[in-house]
Amino acid sequence: MQDMIELHDISHHFDTASERIGLFQGLSCTIRANETLAIVGPSGAGKSSLLSIAAGLEVPAGGTVCFTIDGVPVDALTMRANSGFIFQQFHLMPELDAIGNLALPLRLKGNRHAFDIAALWLDKIGLKDRARHRPHQLSGGEQQRIAVTRAFVTAPRFIFADEPTGNLDMHTSESVAELMFGCARETGCGLVIVTHSKPLARRADASLHLSAGRLEAAA
Amino acid sequence: MSWFKLILENSWRDLRMGDGRISLATQTVLLFFLMTLTLSSASIQNYLAGNLDQMLGSDLVVESHAPLKSEDEIALRSLAQRVSVTQLIDITVTHKNEWARVKLKLIDDAYPMQGNLQVGDTPVATQRAVNKGPAIGEVWLEPRLAGQLQMQVGDILTIGGTELRLGAILFHEPDRIMEGHSTALRAMVHTGSLKAGSIDRGNSLTRYLASADESQQIAVESWARDALAGANVIKKIGGQHPLASFWQRTENFLGLASVILFFMGAVALDMTNRRWLAKMRYRLAIYASFGVRTSTAMLMALGEWLIGFLLSALLAALLAIFACGLIVGQLQGQFPGLQTSWHWVAALKTVGLVFLLLIALQIPSFLQLSRASLLSLIRNPAEGSFVWHRLVWSFLSVALLAAAYSDNWLLTGLTLSAIAAALALMVALTWTFVRLGDLWGRRRTGLLPFAFFMMRQRLFAKSAQVLGLGLCGLLLLFTLMLMRDLGATMESHSRSHDGNLMISDARSDQIDGIHRWAAQTGSTVRTLRPFVPAQLVAVNGKSLDEFQKPSDTLATLQDPIRLSWAKDMPRNNRLVGGKWWPTDTANWQQISAEPEVMTDMGFSYGDVLTFRINGKSYDFNLAASHAYKPGAGSITFWFQVPLSARAQIDAATHHMGSMELPETAWDALAQLWQQYPTLSLVPLKELTERFDQTLGIVTKLTTGYAAMVLLLALFVLAASISGFSADDRQKNGLLMSMGLKGTDCLRLNLYEWGGTALIAAAGAVAGTWIAGRLIYQAQFNLAYDPDILWVAAMVFTMIITVCLVGYIACRHSLNVSVRTLMTT
């Protein structure tokens, strides 16, 4: 496998004013591109922290994280340049319309045909007629569909999704999940999802359960 | 290209929003003010440089307050190719019952050295060029003077007992640079026309106009530096216009004024920065989620800020060109032939300076921005408000700007100290008010206790808001008050002077004549203080030319000042520092100086000041410092020495003082002047006119300045409301969702804004009081006595304005539905 993330013996904690709260210890796992992985578990177990560490956003308190792109070990910065993110709160730019949001990552990467590509994607996800609408003029489901597409539009090697359907109803969640997994399959990128939703986790190739500082394969 | 387009689009979108517009307007106003100042100054400097080249009337001028000794004059003539000697004497000339104070120029046969004189036969006649001055027995008068004395060519004018025929109307002198820009009336005679001793030449200014090549000019300059203490050399090559340092000081004063404006601008920008920062952090975090590196995103943020700045600079430049045209039009009376022109280097330097200052103010925001993380989109990490960092950084930047611009360290120091003290006071007031209010409200119900609770929760944000508004109020209040008091004082000073005729310079032998004339006409001599003209030439052996930093004091000390003597401390003076001499001290080499002189010149007690008096040098030890005390006459001196020093000084005694003339005595004045042409008397009416002229200019300047301060105060208010409107919207939405009515929200907001305005106004008044106490006495010799009613009215206006604007903003935010409020 050419692209992967290896976590070895990872431990993490965070400090409050009065105490240190341990999250997990001795966790190890390997995440590969072309695979989808769901991380489930109760609130406060450290799922988002584990996602941040895997994405190279945070350095773990203990253990090592190795990133490999095209078979070559790379640092966290290079890893992040090849990653995309999907958030629970969608986080679209409020001042940009739908097509502007979708074209933004392409434009930042210097793509001259950003708006043409964005228009094709909008058509593909059925929101062509919403191209000129601002985020506050779109429903939650529509916003998240655009956010999901925006993460995939630059063809990253990995996508990290933090509770991507946490703000959506069941029906909308289904359609967003369909879109997300469909895009992952189509582009061949690795997808790591943190979620409370069992139906969403079941869609992944593998599912890990994080609880009481232990990481186990979920049933 | 794609990035550049994105940066442009982002900038454009940001500038169209409320905060963006306020930032843009603030930056534009600051740049406009400084660029107008720069362009006007550059036009004047350019004019002065060209003027020096064309209007020196010779290659070099040596200027001295006493004629050179014959051996020095011989040395000068040997160093230069040709020399012409001119003398300037202030006298009063009379014709029938008309009189006028005149600068009389005595010239020799070699005059003019370069260029021509322009003369005519009547004040409105066609001018003709002549290359010789008036012949012996002739006098030439400038058109205004001829008009004032009601004289025509051919009439006879008596000066110092000599009858002189008005030979021509004098329009222009080629060495005008030495005369020009002064509004004094001018007359010219040949030096051979006046008999020796017919007029007193003791108080004259002698000029040696010389033609010399470059090496000779250098030789003369170097010789004069060593041989002629107190003499001034002005060269055509590499020389500096006599007015250049005056203008530089004016620029420095305006610079300090711009520091205050910059302070207000910094407050407005800091308030809009709050929202800008939040937006940029969000933007950068989203960019990071696309894999954009922090350094790249930071560069983009910098680029967006830069575009805003460039747009401000462009708008400001257009406005400044227009304003500069208006100002130059106004100044043409003072600088004839002055024209507006575009000065790229000067304009770019100003833009560069403002750029550096604005970027310095932006540094704390950029530092916070560099910490923007993608993690903030996943969870909400705790963030410091960095209020103190921003405040200290802003204060330091502005203090540095003040240091760079101001030549008056005392004024700068006092202004900054007053601002710092007011800021500290406002912080203390805010914390005390809010904490005590919260404590009071803990076991109470109702909206007011809740308002205190909310303010306590947002104490840092509230402090920033109070500091911004309070500082703005302080600067506004102080500027308006100073404007009002300075104008009122100038006006009252001109009218409350003891007597209605000021004796500005009378020789000892003229005093008896004055007393006799007073007795004859029923006039009274009110005060008379003796002095000798003395020029400070060195301090601790270091020549005055080596003092680099220009100041009003240094400029005044370039010419002779009035050195007085006193046995005891004069009744209208008080001791500020050092030790005043015992009544009958034998140690005559002591001197006392005014505190402002000591500060501006950096004097310390024990310094040895060398004065040139009537061609001889005298050393005095700086022993004391005295300041003016109102109530016992208005005549005071910068320097005073013990009475015992008078016997050691070989120079004629002069007097200054005041007289009270009855209405009938005015017509007899011409008689007194005919007897003593060099007697310098200034009628109160003339003094009032001069004051009114100065007051007119001061009023124009301060009104323009106050308009700028008011404009920036409005920006600060707008920024304050806009910067905190999101918080207020969210708070109102939450409260309404909990069942509170719209009117309750309005009342709550009114309590908050009222509290904020009250603390800010209290801080502003206290700050103004501190600034008044510190600055009024030290800088303007005014006793600080604020008009309580006026201050109360200003405070009331301030509170009402802030509350009203806050109320309107709140009403506006309440018009939005709860659902929308909740989603913001």
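The values are calculated or read from the model by the stated rules, or taken from the named source; none is laboratory data. Treat the numbers as computed from the prediction; the structure is a model and nothing was measured. All Cβ positions, glycine included, derive from the backbone under ideal geometry; neighbour counts span all protein chains shown. Heavy atoms of the whole protein, side chains included, go into the accessibility calculation; ligands, DNA and RNA do not. Shrake-Rupley method; radii C 1.70, N 1.55, O 1.52, S 1.80 Å.
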Go through the stretch B:544-576 residue by residue and tally those that are over 29 Å from B:S504 (Cα atoms) and open to solvent by less than 70 Å² (accessible area, probe 1.4 Å). 1
Tell me yes or no: at least one residue of the stretch B:492-499 is crowded, with 16+ Cβ neighbours inside 10 Å, outside any strand (DSSP E or B), modelled with pLDDT of 70 or more and among the small types (G, A, S). no
One residue is enough: does the stretch B:457-480 have a residue meeting the conditions basic (K, R), assigned by TED's automatic domain parsing to the domain that holds B:A761 and over 26 Å from the mean Cα position of the chain (by Cα)? yes
Does the stretch B:642-657 hold any residues that are among the small types (G, A, S), under 25 Å from B:S204 (Cβ atoms) and not in a strand (DSSP E or B), and which are they? B:A645, B:A651, B:A652
Of the residues in the stretch B:665-694, how many are among the aliphatic types (A, V, I, L, M), assigned to a helix (DSSP H, G or I), within 36 Å of the chain's Cα centre (by Cα) and at pLDDT 65 or above? 1
Based on this model, can you work out whether A:G100 counts as farther than 20 Å from A:V194 by Cβ and facing another protein chain (nearest Cβ under 9 Å)? yes
Looking only at the stretch B:111-136, which residues are without any contact (Cβ under 8 Å) to a residue 40 or more places away in the chain and of a type in the set (A, V, I, L, M, F, W, C)? B:V124, B:A129, B:V130
Filtering the stretch A:74-97 down to residues that are more than 10 Å from every other protein chain (Cβ to nearest Cβ) and either among the hydroxyl-bearing types (S, T, Y) or over 21 Å from the mean Cα position of the chain (by Cα) (or both) yields A:D97
Of all residues being of a type in the set (D, E, K, R) and assigned to a loop (DSSP other than H, G, I, E, B) in the stretch B:782-824, which is modelled with the highest pLDDT? Just the residue, please. B:D787
Applying the selection to the stretch A:110-136, what residues are crowded, with 16+ Cβ neighbours inside 10 Å, facing chain B (nearest Cβ under 8 Å) and part of a loop (DSSP other than H, G, I, E, B)? A:N111
For B:A632, are the conditions met, namely being over 15 Å from B:D505 (Cβ atoms) and either modelled with pLDDT under 80 or surrounded by fewer than 16 Cβ atoms within 10 Å (Cβ to Cβ) (or both)? yes
Report yes if A:R150 is out of contact with any Phe, Trp or Tyr (no Cβ under 6 Å at 6 or more places or on another chain), basic (K, R), open to solvent by less than 60 Å² (accessible area, probe 1.4 Å) and within 12 Å of chain B (Cβ to nearest Cβ), otherwise no. yes
Within the bounds of the stretch B:121-129, is there any residue that is over 26 Å from B:Y47 (Cβ atoms), modelled with pLDDT of 85 or more and in the same structural domain as B:W99 (by TED's automatic domain parsing)? yes
Which listed residue, of A:R202, A:R185, is of a type in the set (K, R), surrounded by fewer than 21 Cβ atoms within 10 Å (Cβ to Cβ) and under 10 Å from A:A38 (Cα atoms): A:R202
Tell me which of these B:R283 doesn't satisfy, since it passes every other one: (1) facing another protein chain (nearest Cβ under 9 Å); (2) open to solvent by 10 Å² or more (accessible area, probe 1.4 Å). (2)
Of the conditions (1) more than 23 Å from A:A119 (Cα to Cα); (2) not in a loop (DSSP other than H, G, I, E, B), A:G100 fails just one. Which one is it? (1)
What is the one condition in (1) assigned to a loop (DSSP other than H, G, I, E, B); (2) facing chain B (nearest Cβ under 9 Å) that A:R107 does not satisfy? (1)
Would you tally the residues in the stretch A:44-61 being hydrophobic (A, V, I, L, M, F, W, C) and assigned to a loop (DSSP other than H, G, I, E, B)? 5
Looking only at residues that are farther than 26 Å from A:F158 by Cα and among the polar types (S, T, N, Q) in the stretch B:286-330, which one is farthest from the other protein chains (Cβ to nearest Cβ)? B:Q330
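The rows are residues; the columns are (1) farther than 30 Å from B:W344 by Cβ; (2) modelled with pLDDT of 85 or more.
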| residue | (1), (2) |
| --- | --- |
| B:G18 | yes, no |
| B:T26 | no, yes |
| B:L37 | no, no |
| B:L48 | no, no |
| B:P67 | yes, no |
| B:L106 | yes, yes |
| B:A110 | yes, yes |
Taking into account only those residues within the stretch A:158-177 that are buried (at least 24 other Cβ atoms within 10 Å of the Cβ) and within 14 Å of chain B (Cβ to nearest Cβ), which is farthest from A:H91 (Cα to Cα)? A:F158
Among the residues of the stretch A:35-73, the number that are within 24 Å of B:T296 (Cα to Cα), away from every other protein chain (no Cβ under 12 Å) and of a type in the set (S, T, Y) is 1
Pick from B:S295, B:S365, B:S312: which is under 12 Å from B:M35 (Cα atoms), of a type in the set (S, T, Y), part of a helix (DSSP H, G or I) and assigned by TED's automatic domain parsing to the domain that holds B:S394? B:S312
B:F639: passes all of (1) at pLDDT 85 or above; (2) more than 17 Å from B:I561 (Cα to Cα) but (2)
So B:Q118 passes all but one of these: (1) open to solvent by 10 Å² or more (accessible area, probe 1.4 Å); (2) farther than 23 Å from B:V85 by Cβ. Which condition number does it fail? (2)
Give all pairs with beta carbons closer than 6 Å in which a residue from the stretch B:16-37 that is not assigned by TED's automatic domain parsing to the domain that holds B:L712 meets a residue that is charged (D, E, K, R); count only pairs at least 6 apart in sequence or on separate chains. B:D19/B:R275; B:G20/B:D14
